[in-house]
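K.L.:
Can you read through this structure? Questions will come right after.
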Amino acid sequence: RVRIGHDGYGPGAGWFLDKIIVDDLENQRVYDFPCERWLAENEDDGLIQRELLCGANAGDPPPGVPYTIQVTTGDKDSAATSARVFCILYGGPDGEKSSGKIWLNGGSYARGRTDIFNVEVTENLSPLSRIDIGHDNSGAGAGWFLDRVMVNCPSAGVEQWFVCDKWLAADEGDGKIERTLYEALGMRKERTKLVTWYVWVHTSDMRGAGTDANVHIVAYGKNKKGECIKSDEVVLDNKGDNFEAGSVDKFKVEMIEFGKPLKIRVGHDNSGSFAGWHLDYMEKMSTKKRYIFNCKRWLADDEDDGCIIRELPAEGEDIAKPERLLNYNVSVHTGSKSGAGTDANVFLNIFGDQGDTGERPLTKSATNKNKFEKGNVDEFTVQAVNLRTLKKIRVGHDGNGAGDGWFLDKVVVAPTDKPEKETVFECGRWLDVNEDDGLIVREITTGGSQMLSTTSYHVSVKTGDIRMAGTDANVFIKIFGSKGDTGKLNLKSADNNKNKFERGRMDDFKLEATDIGTLQKIRIGHDGSAAGSGWFLDEVTVNIPSKGVKYTFACHRWLDSKEGDGLTEIEIEPSHVDKGSARIPYEVTMWTGEEKGAGTDSNVFIQMYGEYGKSEEHQLRNRTDNFEVGQVDKFKVEAEDIGPLLKIRVGHDGAGAFSGWFLDKVYEKRRRKSKYAEDSDDESVASSRRRKSRKFSRYSDDSDDEKLKTRKKKKNIDSDDDAKSTSSSRGRKSITRRKSRLDDSDNESTSRKKSKKKAHDEENEKKKTRKGKDEGEEDVEDYWFVCRRWFAKSEDDGMIVRELLPTNEKGIDYEVKVFTGDVSGAGTDANVFINISGEFGDTGERALKSSSNMNKFERNQTDEFKLTAIELGDLKKVKIRHDNKGGGAAWFLGHVEIYDPKNKTSFFFPCQRWLATNEDDGQIARELVPVDPTLKKKLSRKDSMAIRNEVALETKAAMTTYHVYVHTGDKLGAGTDANVSMTLYGEQDDTGTVLLKSSKT
């Protein structure tokens, strides 16, 4: 081989080298080294030094292993240099092979800036043993303070850092202008290995065939398993004037290994005065094989069919039969809602077993001149290499135009030659930043629930807290995983801030896409638009509730053409991964009634109860004006897998001028199990699916008779454990004995519940096998909850929270008696709330509104209420509180009695304490446990504390005291006069909302 180059000096330094002939006169041998390439900083790939191989053919791929060298000049006075900088790389098996001197021309070497150079070396030397770096001491300001050097070899997948932090100057420090640097091993990063391909582009030799637009390609191949692998999009660009008529442009690109080529998708961005392009064909070569991709068509919006994107099947010696090009008919159905049409630019990407079409702009409708109008159907043709079975589509728009919001009904796709094989992609949702969930790009799968078939990615973007850190540019993100990517998503509208990407702010976005597997990296950047486009990005976090995993991507750098390395777009790999418990998606659909005034402006919530536990309260809100008269609202809720649903609690906070609400019905879907936890490498995610069944476990897939047997068996076990008790099913002799029985049977109970859950999951798997349904369909359970009642203080029974049971379940009307004590000032005017908990769940907090007395909770008075709830079994505790409102809020509660009419069982809950901020311990909420009902006879005694004193030890044994210390920050204005509350969550249950009304300190 030979290495040849020049120093780049002079006004006409660029040089096109044809070849070198070396004549060995002594041995009478002639060596031929073909080149046929530019050595020029403004032509070809910009290199002015090349290595040539002897005897190579002119058409063969050029030699050379690509390296990226990143040089950072220190942020010191006079740190910049005007000298010519060079670098020598050392590596290989013995660490002594050298790249020779590589001149790093074209860098600015300005203070605090990073310069990036793409160079080629004959051999792969990575990982490097060391580097030499220096300069020729030329120019008026030759002295240079070098901070660090980064060397990345894509083909080896190794990124190495060499820290200098010293002067290279004859008049500074030790006077050296060249230094040997060794790797900072702790900073090394392993990257995905890339394969070098050589792409030769042949532009047709006809008038106007050339283009000034930016050309890009995406390559597809099949691995040994027959799986379709896709490269990332690569822009074909170098220093020359590319894609001129009749020219051949040569590019060297690094792509992931994707096996034998299947197709290439080529397109351009339609920019420039002469964007139209007639492509003849492309060649894609490795060192061993050559593939041809014929086109011979225009890529122009004013020529041929107006497409600027083409797919080209691969042809080669090892490809017996190239894939077919197919035309797909696409019918886009815009909804009939008010304002459903859009003037934005719409695109579509179709995914199948054999890759995807890429994002295709839907520009020319065959049916309507004015596209995407309300109620219209627009038809388009998309040409692509055979996708085989269609799986999903990605459809969206760019958000431009005054009427950009769009309600998409559905998209229908069918091959032109087989129109009967159509695939329907149902949407029925807005693509609008001001409606629904605010997304303007959606992924839609075939069949099943769209909300349950996609994965939610909660993206939080933190802008740095330094001067001028914020940006007004348009920010985008692309998330890459082991199973694909999300596509490029514009971060248009934050959930928590109107003005995005301001200094020191965290902006939250919720993105939806089909599962892309374990996250590998993100690409984030901006378009450089607006005057203040420079942006200092601190970090990005991506939380995936369905996997119980949160990824942190540390950045801490500028994305600014005038700062650092000048990049406005970067790729970041995860710096930290937090693992927790996985959640599953629930789809909640609510029908508001058509009665006059049925809609509400209040904040609506839902809480779900299942066999294995209960969810938190979830606020049901999005960007649409929800819960209007006769309207159907749909929400996606992500919560723990609580098993088959037993009931839901729905209500609102009563806020707003028009708070009353008439709810007709609720339809809910859930996945039977987390489909993600099974695929995840995260053991904690998988273990969350295998957690023990908690106290809510009640039903399985058994018949009603089996349910009854299970319940009887449990009662028999309890009876055997306490054989001496004659009333074990209706009460307990003491709290201590009851607690002991529960502790003794804990292991056996847990084992039974685990077995039931295992049997439930196994039966679901058998059903899948028998029915052979699609996985996305078979994993879904659905429930109907009929309501047809008001949630209004001035309508019906005045309740604004209701418990709804599935249509085949019936509730129990529990009779609740509340006894106010007989002490001075015992009564209260505050609003009282109760939550009853039993072995099968709890009622949730209910307001005690409709009493047998008009004036409730007066001294020495008994108030009776009815609470309808699903069967709770033996009652375990009652939480009762008031909201401290009204002039006389303090309340002395005597006791509570609850009667279960179905099982004919009474439960007695003594209190004998104040619920007051200025009495007793200052608490306005109490948890009460049941005691032996025979103790009620002591209520007749004059000593009002008789019961409390007798059961004090038992009560204390059954309760846990939590000491909570709240530290308010030491900042100006840090304190608050608002009402603060907290909820503690444990493995078994939660405390519910606890108002922190009275501080002990």
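K.L.:
For region 439-460, give me each residue that is touching a Phe, Trp or Tyr at 6+ places or on another chain (Cβ under 7 Å) and crowded, with 19+ Cβ neighbours inside 10 Å.
P.N.:
ILE444, VAL459
K.L.:
If you check ASP863 against the conditions, is it at pLDDT below 95 and either on the phi > 0 side of the Ramachandran plot or of a type outside the set (S, T, N, Q) (or both)? Give the derivation first.
P.N.:
Working: at pLDDT below 95: no; either on the phi > 0 side of the Ramachandran plot or of a type outside the set (S, T, N, Q) (or both): yes.
Judged against the criteria, ASP863 is not a match.
K.L.:
With the checklist (1) of a type outside the set (Gly, Ala, Ser); (2) over 23 Å from the mean Cα position of the chain (by Cα); (3) buried (at least 17 other Cβ atoms within 10 Å of the Cβ); (4) not in a loop (DSSP other than H, G, I, E, B) in hand, flag the one item LYS410 doesn't pass.
P.N.:
(3)
K.L.:
With the condition being touching a residue at least 40 places away in the same chain (Cβ under 8 Å) and among the aromatic types (Phe, Trp, Tyr), I'd like the strands (runs of 3 or more DSSP E) fully within region 259-351 carrying at least 2 qualifying residues. Steps first, answer last, please.
P.N.:
Details: elements: 260-268, 277-285, 290-299, 309-313, 325-334.
Hits in region 259-351: 277-285.
K.L.:
Within region 590-609, take every residue that is over 28 Å from VAL542 (Cβ atoms) and in a strand (DSSP E or B) and give me the one that is modelled with the lowest pLDDT.
P.N.:
The residue in question is TYR609.
K.L.:
Right, here's the next one. Return yes or no: is VAL85 buried (at least 20 other Cβ atoms within 10 Å of the Cβ), in the same structural domain as LYS101 (by TED's automatic domain parsing) and over 43 Å from the mean Cα position of the chain (by Cα)?
P.N.:
Judged against the criteria, VAL85 is a match.
K.L.:
Hey, another quick one. What is the number of the single condition among (1) crowded, with 20+ Cβ neighbours inside 10 Å; (2) modelled with pLDDT under 95; (3) under 35 Å from the mean Cα position of the chain (by Cα) that ASN242 does not meet?
P.N.:
Unmet condition: (3).
K.L.:
Only one of (1) basic (Lys, Arg); (2) in contact with a strand residue (DSSP E or B) (Cβ under 6 Å, 6 or more places away or on another chain); (3) not assigned by TED's automatic domain parsing to the domain that holds SER108 is not met by ARG148, so which one is it?
P.N.:
(3)
K.L.:
Might you check whether a residue that is under 21 Å from LEU491 (Cβ atoms), part of a strand (DSSP E or B) and within 16 Å of the chain's Cα centre (by Cα) occurs anywhere in region 552-562?
P.N.:
Among the residues of region 552-562, at least one is under 21 Å from LEU491 (Cβ atoms), part of a strand (DSSP E or B) and within 16 Å of the chain's Cα centre (by Cα), which makes the answer yes.
K.L.:
So GLY396 passes all but one of these: (1) touching a strand residue (DSSP E or B) at 6+ places or on another chain (Cβ under 7 Å); (2) under 29 Å from ASN496 (Cα atoms); (3) in contact (Cβ under 8 Å) with a residue 60 or more places away in the chain; (4) crowded, with 17+ Cβ neighbours inside 10 Å. Which condition number does it fail?
P.N.:
Condition not satisfied by GLY396: (3).
K.L.:
Can I ask one more? Out of GLU435, GLU443, I need the residue that is under 14 Å from the mean Cα position of the chain (by Cα) and not assigned by TED's automatic domain parsing to the domain that holds ASP641. Which one?
P.N.:
None of the others qualify; the one that does is GLU443.
K.L.:
Go through region 68-123 and give me each residue that's assigned to a loop (DSSP other than H, G, I, E, B) and among the polar types (S, T, N, Q).
P.N.:
SER78, THR81, SER82, SER99, ASN105, SER108, THR122
K.L.:
On to the next question. Would you check if there is a residue in region 531-553 being touching a Leu at 6+ places or on another chain (Cβ under 9 Å) and surrounded by fewer than 16 Cβ atoms within 10 Å (Cβ to Cβ)?
P.N.:
no
K.L.:
Follow-up question, since we're still on this one. Taking the stated definitions as given, is THR416 hydroxyl-bearing (Ser, Thr, Tyr), surrounded by fewer than 17 Cβ atoms within 10 Å (Cβ to Cβ) and within 27 Å of VAL266 (Cα to Cα)?
P.N.:
yes
K.L.:
Can you spot a residue in region 808-819 that is in contact (Cβ under 8 Å) with a residue 40 or more places away in the chain, of a type in the set (Val, Ile, Thr), surrounded by fewer than 18 Cβ atoms within 10 Å (Cβ to Cβ) and in a strand (DSSP E or B)? Reasoning before the result, please.
P.N.:
Applying the first criterion (in contact (Cβ under 8 Å) with a residue 40 or more places away in the chain) to region 808-819 yields 809, 811-819.
Pick out the ones that are also of a type in the set (Val, Ile, Thr) and you get 812, 816, 818.
From what's left, surrounded by fewer than 18 Cβ atoms within 10 Å (Cβ to Cβ): 812.
From what's left, in a strand (DSSP E or B): 812.
Yes: region 808-819 contains one or more residues that are in contact (Cβ under 8 Å) with a residue 40 or more places away in the chain, of a type in the set (Val, Ile, Thr), surrounded by fewer than 18 Cβ atoms within 10 Å (Cβ to Cβ) and in a strand (DSSP E or B).
K.L.:
Taking the options GLU36, GLU41, GLU51, name whichever one is buried (at least 17 other Cβ atoms within 10 Å of the Cβ) and among the charged types (D, E, K, R).
P.N.:
So the residue among GLU36, GLU41, GLU51 that is buried (at least 17 other Cβ atoms within 10 Å of the Cβ) and among the charged types (D, E, K, R) is GLU51.
K.L.:
Among the residues that make up region 175-189, is at least one of them assigned to a loop (DSSP other than H, G, I, E, B) and of a type in the set (Phe, Trp, Tyr)?
P.N.:
Taking every residue of region 175-189 in turn, at least one turns out to be assigned to a loop (DSSP other than H, G, I, E, B) and of a type in the set (Phe, Trp, Tyr).
K.L.:
Looking at region 928-942, can you tell me whether even one residue there is in contact with a strand residue (DSSP E or B) (Cβ under 6 Å, 6 or more places away or on another chain), surrounded by 15 or more Cβ atoms within 10 Å (Cβ to Cβ), in a loop (DSSP other than H, G, I, E, B) and not assigned by TED's automatic domain parsing to the domain that holds GLY798?
P.N.:
Yes, because at least one residue in region 928-942 is in contact with a strand residue (DSSP E or B) (Cβ under 6 Å, 6 or more places away or on another chain), surrounded by 15 or more Cβ atoms within 10 Å (Cβ to Cβ), in a loop (DSSP other than H, G, I, E, B) and not assigned by TED's automatic domain parsing to the domain that holds GLY798.
K.L.:
Can LYS498 be described as under 27 Å from GLY355 (Cβ atoms) and out of contact with any strand residue (DSSP E or B) (no Cβ under 7 Å at 6 or more places or on another chain)?
P.N.:
Spelling it out, it is not the case that LYS498 is under 27 Å from GLY355 (Cβ atoms) and out of contact with any strand residue (DSSP E or B) (no Cβ under 7 Å at 6 or more places or on another chain).
The values are calculated or read from the model by the stated rules, or taken from the named source; none is laboratory data. Keep in mind that what you see is a predicted model, and the values were worked out from it rather than measured. Every residue, glycine among them, receives a Cβ derived from its backbone with ideal geometry; neighbour counts consider all protein chains shown.
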